[in-house]
Structures are given as C-alpha cells and as structure tokens.
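Take a look at the structure set out below.
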Amino acid sequence: MPKINERFIKDVATPVKGSKIYYDDILPGFGLRVTKSAAKAFVLNFHIDRHERRITIGRHPAWSARAAREEASRLRRQIDQGIDPLEKREARAVAPTISDLWCEYRAKHLSGLSVRSQKDQTSMWEQLILPDLAMRKVADLGPNDIDNLHSRISESTPTRANRVLEVLRKALNLAIRRGWIDKNPANGFTRNAEHKRERYLTSAEYDTVLSAIDIMPNQKAADAIRLLVLTGARRGEVLGAMWEEFDLEKGLWIRAPHRNKDRKAKRIPLSGAALTLLSRMKEGASGSLLFPTINETPMSDLNRPWGWLKLKTGLDDIRVHDLRHSFASLLVSNGQSLETIGALLGHTQLQTTMRYAHLYDDTMRAAADSFSKSLTGKF
C-alpha cells in the first residue's frame, strides 16, 4: 500500500469511472479518494460497535497530506475511546440553529402574549437577532456573541438593546428545556443604564388636551384618547377593547387574561364620566369593537391623531403612556391609596404601583405640617 504524501497525491492515477480509494501503509484506515474528475479527498475508514464507517476528513489541496494525517490520528484516538466521530458530525449537521430557536420560541411562547407584544418581539427577532445569528448553532452561541449583539444594538437604541437581550435570554432558557444546551450564554449580560421617564400632566395641560380633542378631526381617535384619560388603561387595552367586556349597568370593565399585559383577568370599576362616554359611543356602535378600522380590525395605534394633538397643544414632550402616569398622579393628589390606584390600573402586584409612591411626598408633608402647627409654641 502506498504512503499518502504530497508526492503520491501529485502522481496518483485518475480512475476511468467512479472513484477509487488509496489507503496509507502506516496509519490504518487513512486513505485518499480520487474521482474520475480528479477530485481528491482524504478519508478514514474505521470500525465501531462492529460496524464499518467512513468519514471524510477534507478535500485536497485545502487539506495537505500532513494536516489530514494529523486529523486522522486524532480521530483514531477518539475511536479507540469508543467515540464515533461520524456520529458527532452528523449530529452537528442537524443541530438546532438560532433560526430553529426562533421557530420554537414563536410556537411555544409568543402565541401566549398580547398582540402588541407579539408584533414587538417578532420585530426584535426579524430585524435585530436573526440577521446576524440565524444560521449559528445554538450550542455554539457564547457570551461574546451575546455581548457583541448587545453592543451593536446599543449604538442606536440602548434601552431596546436590553429588551432584545431579555427576549433572547428567555428563548435560550427554552433551548435548555429542550436539551439543546446546558447553560444560558445570555445570563448575566451587562445591561445599559435606563432612566425612567416620568411626565405628568398638570391641571392646565389637561384642560389644553381635552379642549384640543374636542375639535380633533378624527373623533373616533378622540374617543380613544378620552377613554385613556378616564381609565388610565394602556393604549393596547383601549384600542383592542370589545363591547362584550363592558357591563355598563354595573359600571365594570372586565378584561379576559389574554387582553392584559400580565395575562391575568381584570375587573376594573369605571367612573361616571367613563360610563357616560361609553354609553354615548354605544349608541352609534355597530360591531363588536369599540375602535374598529374600515376592515373591522382594531385600530393599531394613535400615531397620527396624537401627532396632531401635540402640534395643536404645543405639548411636544407628552406620550400616550403619560396619560396612564397622570391618571395615577391625580389619584395620589386626591389622597387615594396605592392599593386602590393599583387596582384601577390593573396591577396585580403592589410593587408595580410603588413607582408612584414618591408622589405622596407633598401629601405627607402637608400632613406633617398640620401636626406641627397643632403644637405651635410647644417647640
């Protein structure tokens, strides 16, 4: 048998048809396969569990004879330990990719989220995660890949970078449950600093906003904004609202779990002003949705009417979500408890409502002042 080296490869005969394997006379099973088109590749034949197997090491000249021999020797050591290198290679070929992880996450987790969250997370995957990582094997993903992804997104949107990594981390936890990986490479990533924005409408600003929506060209959107003002609900909860959720006689808004951010059922008492608004809207309603489009689907956003409102009022810095914060702020100034405010906002945990606790500073200071005034002259 010939020894496989560069000189032999250069002089080897090309078969007339098919292919032929020339085996080495030193390393058992190591050979050179030559096809009728003169393509050359290094192979290794071996037996494991009484079965003969053959693995292709690589093509010549991308692989030199010396490099192929070293690789064949390494593989033989694995085989002597009972490890089938071909089985490992085949398993790797079908190992799940990040694209497969997205399919699994979409099927098992995404469907349980609100429509808005589904759209948001789909955008994260399709625009920020998959373009760089789609074909990467899940098992190959390491902390450096996570940090690089986070850094790239942080260049333009630092806060969203945190959200994207949280979604990916959750998906990788699913990969652990599926047995694809043992550890989550996204655990412990360094988050960007976030500064919560707090903007509360003053009484004068409320007057300005309410006066403006009275003359808003799109009165359907105006009613949506009115309902946001009067309930402190989230935009998606209002725009996706259905008449079957409202018991106008009992003054309740009863939302099913899938309609809420925390996926829990909500029973929200409504104010007299909210009931008056809803009763007026109900008189002209024809479908099941409070705010349908011409295609009988829920309004997706308030971007254009809200832009009109900001231009009309000159309040350039207000967001739709600020109406929710302002709702809580007014309740605080009226002396309502955090428990009551949390119930009206649909919070299930008091900790969520605690973000408004600092608004009680003036109320508590006034109470302390009233006590000290009662002791005037004693201190």
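The values are calculated or read from the model by the stated rules, or taken from the named source; none is laboratory data. Keep in mind the model is a prediction, meaning the values are calculated, not measured. Don't worry about glycine lacking a Cβ; one is built from the backbone with ideal geometry, like all the others, and counts go over all protein chains shown.
Remarks
- Annotation note: of LYS119, LYS108, LYS88, the sole residue that is modelled with pLDDT of 85 or more and over 19 Å from LEU172 (Cβ atoms) is LYS119.
To keep it simple, each residue is scored yes or no on (1) exposed (fewer than 12 other Cβ atoms within 10 Å of the Cβ); (2) modelled with pLDDT under 70; (3) in contact with a helix residue (DSSP H, G or I) (Cβ under 8 Å, 6 or more places away or on another chain).
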| position | (1), (2), (3) |
| --- | --- |
| ARG324 | no, no, yes |
| SER337 | no, no, no |
| GLY342 | no, no, yes |
| HIS347 | no, no, yes |
| ASP361 | yes, yes, no |
| ALA366 | yes, yes, no |
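- Subset of region 212-232 [assigned to a helix (DSSP H, G or I) and over 33 Å from the mean Cα position of the chain (by Cα)]: ALA212, ILE213, ASP214, GLN219
- Residue pairs whose Cβ atoms lie under 9 Å apart, sitting 6 or more positions apart in sequence or on different chains, and linking a residue in region 15-43 that is exposed (fewer than 12 other Cβ atoms within 10 Å of the Cβ) to a partner that is of a type in the set (D, E, K, R), are VAL16/LYS36; LYS17/LYS36; GLY18/LYS36; ASP25/LYS3; ILE26/LYS3; ILE26/ARG69.
- Some residue of region 233-249 being assigned to a loop (DSSP other than H, G, I, E, B) and either surrounded by fewer than 16 Cβ atoms within 10 Å (Cβ to Cβ) or not assigned by TED's automatic domain parsing to the domain that holds LEU345 (or both): yes
- Which listed residue is modelled with pLDDT under 90 and assigned by TED's automatic domain parsing to the domain that holds ARG89, from HIS60, HIS51: HIS51
- Among the residues of region 271-297, those identified as modelled with pLDDT of 90 or more and either among the small types (Gly, Ala, Ser) or closer than 15 Å to LEU344 by Cβ (or both) are GLY272, ALA273, ALA274, LEU275, SER279, SER288.
- Taking the numbered list (1) touching a Ser or Thr at 6+ places or on another chain (Cβ under 7 Å); (2) of a type outside the set (Ser, Thr, Tyr); (3) loosely packed, with under 13 Cβ neighbours inside 10 Å in turn, GLN127 passes all entries but (1).
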